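Down below is the structure, laid out as structure tokens.
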Amino acid sequence: VQLQASGGGLVQAGGSLRLSCASSRRTFTNNGVGWFRQAPGKEREFVAGISWNGGSTTYEDSVKGRFTISRDNGKNMVYLQMNSLKSEDTAVYYCAAARTAAVTNRKELYNYWGQGTQVTVSS
């Protein structure tokens with residue numbers, strides 16, 4: 001499964017961005033998908049996840065109420081809507097497909113990773 005994240009950029013604090021994750025394979029539609037981020041000098045951390053059919057989602061505590069993950073299996077796309085952005089959201093964001101169809105925040109269950117997209121939030 002090949003994944004490609006896009007939609008990053010520079011935004012002021014309080015602003016919004018929408019990240020997109022595209023897959024070239026239909027098998028994407030059978031996988032749980034997650035968004036992760038990695039800030040300089042920090043480990044890659046889980047941000048949000050969604051089950052194969054979009055029926056279940058889960059979020060890291062610091063983004064709850066601000067970020068929304070969604071998917072359109074007809075288009076092989078997963079999205080991350082990010083609102084009320086803060087400077088601490090600055091990171092490279094990655095999408096990944098899990099070995100499971102269920103939603104999961106366990107990084108070890110994600111075995112397909114796309115290239116990241118930079119999100120920079122200025123204060």
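The values are calculated or read from the model by the stated rules, or taken from the named source; none is laboratory data. Since we're looking at a predicted model, the values are computed, not measured. Note: ideal-geometry Cβ built from the backbone for every residue, glycine included; neighbour counts use all protein chains shown. To get the accessible areas, we keep the full protein, side chains included, count just its heavy atoms, and leave off ligands, DNA and RNA. Shrake-Rupley method; radii C 1.70, N 1.55, O 1.52, S 1.80 Å.
What the table below lists for this structure:
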item: Segments 111-119, 93-101 sorted - mean Cβ within 10 Å per residue, highest first; result: 93-101, 111-119
item: Average accessible area per residue (Å²) across the chain - probe 1.4 Å, nucleic acids and ligands excluded; result: 50 Å²
item: Candidate residues Leu10, Leu85: accessible-area rank, largest first, probe 1.4 Å; result: Leu10, Leu85
item: Portion, in percent, of the accessible area of the chain that falls on carbon or sulfur, probe 1.4 Å; result: 44 percent
item: Given charges at beta-carbon only (K, R positive; D, E negative), |dipole| of the chain in Debye; result: 300 debye
item: With DNA, RNA and ligands ignored, accessible area of Asp72 (1.4 Å probe; Å², nearest 10); result: 50 Å²
